[in-house]
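Below is one structure, written out as C-alpha cells; comments come after it.
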Amino acid sequence: LARRWAPVFPASYRERYSVLVAVSDVDRIEAAASGGGIGLNLYRPVAAAPHQGRLKLYRAGEPVALSSVLPMLEAMGLVVIAEVPHEIQPATPGAQAVWIHDFEVESANGSALDVSERRESFHDALAAVWRNDAESDGFNRLVLTAGLGWREVMVLRAYTKYLRQAGTTYSQAYI
C-alpha cells in the first residue's frame, strides 16, 4: 500500500496530515473507489472544542459540489466553517481520481458533538441521504442530537406526515 499510494498524494495533503492519517485515508479511499459511492469519516481533532469537528468525505471520480453537500450537512445539524479538497490520482493506469473533501464543522446549536458515540449512525444517515434512501430535512438533526438512526428518523418523519394529513396544526419544525 505504501509503495502504491505514497507517491500519489499531493504536497498540500502531505503538509497537512501525518502518515498515520494517510494510512487511515487510504483504507477509506479504496472503499470509496471500489464501492462507487462515498466514504465518510467524522472525527474531532485533539485541540478542537467540544462543539467542533471535522468530516472527511471521499468520492471516486468527480469532486463533490459544495452546493449539493452543504444543505445535507446543515440538515444534519452541522455548520460548515471551511472545506479543503485534495485530489488523489492513483498510479494505476485508467483508475479514477479520488477526492478527499475535508470539512471543518461545528454543531449548529453549539452543543457538544458526541463523535465517538454517534459516528457510525451519522455516517449511515449521511450515506442514506446521499443515495436518496432518506430525505434531507431537519429531522436528520436527531441523528447527532438524540442518537437516533436514520431509519428511526424516517419512522418519525412518516408519523409527522401522517399527523399533518390527519389535520394536526403542529408544524414539522415544532414536532
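The values are calculated or read from the model by the stated rules, or taken from the named source; none is laboratory data. The structure displayed is predicted, hence computed values, not measured ones. Cβ atoms come from the backbone with ideal geometry, glycine included; neighbour counts cover every protein chain shown. Areas reflect the complete protein model, heavy atoms only, side chains present, ligands, DNA and RNA absent. Shrake-Rupley method; radii C 1.70, N 1.55, O 1.52, S 1.80 Å.
Numbers below:
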quantity: Accessible area of the chain divided out per residue, in Å², using a probe of 1.4 angstrom; calculated: 55 Å²
quantity: Relative counts (whole %) of C-alpha pair distances in segment 121-175, using bins that are 5 Å wide; calculated: 5, 21, 30, 21, 14, 7, 2
quantity: Accessible surface, 1.4 Å probe, highest first, among residues Y170, Y13; calculated: Y170, Y13
quantity: Residue among N41, N140, N132 with the largest mean-square fluctuation in a Gaussian network model of the chain, springs linking Cα atoms under 10 Å; calculated: N132
quantity: Rel. contact order, % - alpha carbon contacts under 8 angstrom, at least six apart, the chain; calculated: 20 percent
quantity: For segment 28-128, diffusion coefficient by Stokes-Einstein and Kirkwood Rh (Cα), 25 °C, 0.890 mPa s, µm²/s; calculated: 174 µm²/s
quantity: Mean-position separation - Cα centroids, segment 123-175 and segment 30-104, in angstrom; calculated: 23 Å
quantity: Shape of segment 1-53, Cα gyration tensor, a/c cut at 1.5; calculated: oblate
quantity: Relative contact order for segment 41-139, counting Cα pairs under 8 Å that sit 6 or more residues apart, in percent; calculated: 35 percent
quantity: With every protein chain in place, segment 29-76: carbon and sulfur % of accessible area (1.4 Å); calculated: 57 percent
quantity: Sequence ranges 2-8, 75-81, ranked by mean other-Cβ count within 10 angstrom, highest first; calculated: 75-81, 2-8
quantity: The chain, Rg to Rh (Cα coordinates; Rh as Kirkwood inverse mean 1/r); calculated: 1.03
